[in-house]
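A.B. asks: Sharing a structure, written as structure tokens. Questions coming.
The values are calculated or read from the model by the stated rules, or taken from the named source; none is laboratory data. Since we're looking at a predicted model, the values are computed, not measured. Cβ placement follows ideal geometry from the backbone for every residue including glycine, while neighbour counts extend to all protein chains displayed. For the accessible areas, the whole protein counts, side chains as well, though only heavy atoms, and no ligand, DNA or RNA atoms are used. Shrake-Rupley method; radii C 1.70, N 1.55, O 1.52, S 1.80 Å.
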Amino acid sequence: MELIRRYEREDLARALEVLEQGGLILYPTDTIWGIGCDATNAEAVKRVFALKQREDAKALISIVDSPAKLNGLMKEVPFIAYELLDATTTPLTIIYPRVHGLALNLLAEDGSAGIRVVSDEPFCRDMCLRFKRPVVSTSANISGASSPACFADISDEILNGVDYVVQYRQDDKSKGRASSIIKLEVDGTFKLIR
């Protein structure tokens, strides 16, 4: 099935090439502009922490293109996760228990990790689909600074610290918003974090 394209194929191809090489990209997500890398590559993840000047004890979110991809990241996806994903109308990050298959420096001390299924942003979704691995998705700012609401708000330090800046949506002035975050426990209980 051919997906609808609203961006240049070369832009996506270059972003995928950089991800494959362990590089960092700056890209539009389904929420705000993000810094991304291969979420299975610990060295690339380390570079994201360094760029953001963030302690690596603070976990980063990863994204996938479909709920089916969650099955490869944990032994058993709690059924309530699918219900939450079906019920939401806005971007939702779920912190899942007992995650595997990601770089170890993406996991919290308890083995949990935040993962968001992207759906409405075509570039981001297609990138995850074609990369076939989770992609880190953390706000494009230095830790402690305000998250950029649009591309024009991104600092030069971040722009110069990545290996590729996606061209798609750079002129979009609409203000993005961070996702809601829910922490899910092994027993299926959950609590709203943000």
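A.B. asks: Within region 108-150, track down each residue that is assigned to a loop (DSSP other than H, G, I, E, B), of a type outside the set (Val, Ile, Thr) and crowded, with 17+ Cβ neighbours inside 10 Å.
C.D. replies: Passing the criteria: 112, 121, 133, 134, 137, 140, 141, 147, 148, 150.
A.B. asks: Of all residues in region 8-27 being more than 15 Å from the chain's Cα centre (by Cα) and open to solvent by 20 Å² or more (accessible area, probe 1.4 Å), which is modelled with the lowest pLDDT?
C.D. replies: 8
A.B. asks: Now a separate question. Can you tell me which of 30, 86 is modelled with pLDDT under 95, open to solvent by 10 Å² or more (accessible area, probe 1.4 Å), of a type in the set (D, E, K, R) and under 27 Å from residue 159 (Cα atoms)?
C.D. replies: The match here is 30.
A.B. asks: Among the residues of region 112-142, which ones are under 24 Å from residue 156 (Cα atoms) and touching a Gly at 6+ places or on another chain (Cβ under 9 Å)?
C.D. replies: Hits for region 112-142 are 124, 135, 136, 137, 138, 139, 140.
Matching residues to (1) under 13 Å from the mean Cα position of the chain (by Cα); (2) among the hydrophobic types (A, V, I, L, M, F, W, C); (3) within 19 Å of residue 54 (Cα to Cα):
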| position | (1), (2), (3) |
| --- | --- |
| 113 | yes, yes, yes |
| 127 | yes, yes, no |
| 144 | no, no, yes |
| 150 | no, yes, no |
| 168 | no, no, no |
| 175 | no, no, no |
| 179 | yes, no, no |
| 182 | no, yes, no |
| 186 | no, yes, no |
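A.B. asks: Right, next: Do you know which residues across region 65-80 are out of contact with any Gly (no Cβ under 9 Å at 6 or more places or on another chain), aliphatic (A, V, I, L, M) and touching a residue at least 40 places away in the same chain (Cβ under 8 Å)?
C.D. replies: Result: 70, single match.
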